[in-house]
Amino acid sequence: MSSELLEMMMLRRIANVLSNPTRPRNWALLVGCLLPTLTALGLTVCRADSPSGEPIAILLAAGDITGCHQTGDKHAAMAGQIQKEIEAAKDIPLGILALGDLAYADYKHQKAQPGTYASCFNSFVATWGVYKNRIFPVPGNHDYSDDITPAKKLTPVKHYREYFGQRIAELKSGAGSPSGAEDKRLSFVTRFPNSEGWLLAGLNFYGSDVDPRKWLKEQLSASTARCVLVFTHPFFASSGEHGKGKAYEPIAQLMPILYEQGATILVSGHDHHLEQFPKVGGKGKVDASKGVRSFVVGTGGATLYSTYVKHPLSERFANKSRGFLKLILYRDGYRWSFVAVDGPQVELPVGEESCNRKPPA
């Protein structure tokens, strides 16, 4: 269907609402229809579940970032875009979801080379580190390559832990969970942009940090937040290299908990592409009313993967562009789009939804 025809249909719908004196007018919905949203055709779309009010915060999300040994300084261009987004946001708080694999060791014959992760992580620090106090981090499997030293001594996520340890402790403390020196967990929950904002749950899926099922259920059930975003490195499902059109079972097993607890979004990396999935229920079936929407955003700067085996639920797949998933947060919902930094722009379908949890009584 052409954009001209769609636009004509939308204008007729709005005209019918205005001209029919017997039809109750939902002014909030009508105004929502007139607000620009990002869709594949760049048109205004009428939606009953549009977020209301003014934006309260912005999140930029990307993982698989500093591919020093393959892609050089692509991550530096991403860091430059962060500054542009901060300037454009003006007084709106802006945070960054760093979705794991923040840096990579050099690999030869599919083996990480001892002592090569540290220099790459230092390159991440030199570029993205400027925004450290805005970053909400989770480690990826490649961040555990730091375990390998020339003497083959294990030093689990040494550089990641040393760099982000204090930041994570502050996030825990800000959420009312004081973190002492004995708390080595890299998983955390916090509220953003403040105690009245969204609940962000950063799940470290590696290193036996926490029992994911138990931890998520405890953290989410204890929160009264209207909107919940869970982020981790591995995905729920993917059409790319590691997913090959299938769900990743360990994360899929968490979906019943996310669904029961009314989580809004799951954001992950791991596969180096961008992908959007529909809202699904606890068994991974589409549930457009109360389901959890998920994204794969492994587009932070590392080499993009070419593998593609379409997952049956995939709504949008793109592996030609590096960039950020941009989430504009409201008190009762969110809007999303993709900000391309290196490669063609990618339009994502739908673009806005309300949160799943009921507002407080």
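The values are calculated or read from the model by the stated rules, or taken from the named source; none is laboratory data. This one's a predicted model, so the numbers in the text were calculated from it and none came from an experiment. Here the Cβ positions follow ideal geometry from the backbone for every residue, glycine too, while neighbour counts run over all protein chains shown.
Assorted remarks:
- Any hit, the range 248-260, residues being under 22 Å from Gly300 (Cα atoms) and in the same structural domain as Val309 (by TED's automatic domain parsing): yes
- Residue satisfying condition, being more than 23 Å from Tyr144 (Cα to Cα) and in contact with a helix residue (DSSP H, G or I) (Cβ under 6 Å, 6 or more places away or on another chain), within set Lys244, Lys217: Lys217
- Of the strands (runs of 3 or more DSSP E) lying entirely inside the range 265-361, the ones with 1 or more residues being assigned by TED's automatic domain parsing to the domain that holds His69, closer than 27 Å to Pro93 by Cβ and of a type in the set (A, V, I, L, M) are found at 265-268, 274-280, 292-297, 322-329, 333-342.
- Checked against the criterion of being out of contact with any Lys or Arg (no Cβ under 7 Å at 6 or more places or on another chain), in a helix (DSSP H, G or I) and either in the same structural domain as Val157 (by TED's automatic domain parsing) or in contact (Cβ under 8 Å) with a residue 40 or more places away in the chain (or both), the candidates Ala77, Ala105 yield just one match: Ala77.
- Checking Val138 against (1) under 29 Å from Val339 (Cβ atoms); (2) in contact with a helix residue (DSSP H, G or I) (Cβ under 8 Å, 6 or more places away or on another chain); (3) of a type outside the set (Gly, Ala, Ser), the condition it does not meet: (2)
- The residues of the range 245-267 that are among the charged types (D, E, K, R) and closer than 19 Å to Lys290 by Cβ amount to a single one, Glu260.
- Verdict on Ser177 being outside any helix (DSSP H, G or I) and at pLDDT below 95: yes
- Only residues that are among the aromatic types (Phe, Trp, Tyr) and within 18 Å of Gly323 (Cα to Cα) were counted across the range 105-139, and they come to 4.
- Applying the criterion of being assigned to a loop (DSSP other than H, G, I, E, B) and among the aliphatic types (A, V, I, L, M) to the residues of the range 189-224, the residue that is farthest from Leu254 (Cα to Cα) is Ala222.
- Residues located in the range 246-295, provided they are closer than 18 Å to Asp101 by Cα, in contact with a Leu (Cβ under 7 Å, 6 or more places away or on another chain) and touching a residue at least 40 places away in the same chain (Cβ under 8 Å): Val267, Ser268, Gly269, His272, His273, Phe295
- Filter result for Leu186 (among the hydrophobic types (A, V, I, L, M, F, W, C) and within 24 Å of Gly284 (Cα to Cα)): no
- The range 311-361, residues that are of a type in the set (S, T, N, Q), over 21 Å from Val280 (Cα atoms) and surrounded by fewer than 21 Cβ atoms within 10 Å (Cβ to Cβ): Ser321, Gln345
- Taken together, Gly165, Gly197, Gly207, Gly243 contain a single residue that is closer than 19 Å to Val297 by Cβ and among the small types (Gly, Ala, Ser), which is Gly243.
- The condition of being of a type in the set (Val, Ile, Thr) and not in a strand (DSSP E or B) holds for only one of Ile82, Ile96, Ile58, that being Ile82.
- Every residue from the range 226-241 that is crowded, with 24+ Cβ neighbours inside 10 Å and farther than 29 Å from Tyr144 by Cβ: Cys227
- The condition of being in contact with a Gly (Cβ under 8 Å, 6 or more places away or on another chain), of a type in the set (A, V, I, L, M, F, W, C) and modelled with pLDDT under 95 holds for Cys46.
- Within the range 186-242, the only residue that satisfies the criterion of being under 30 Å from Asn319 (Cβ atoms), of a type in the set (Ser, Thr, Tyr) and modelled with pLDDT under 95 is Tyr206.
- Only residues that are polar (S, T, N, Q), more than 18 Å from Ile82 (Cβ to Cβ) and in contact with a Lys or Arg (Cβ under 8 Å, 6 or more places away or on another chain) were counted in the range 108-133, giving 0.
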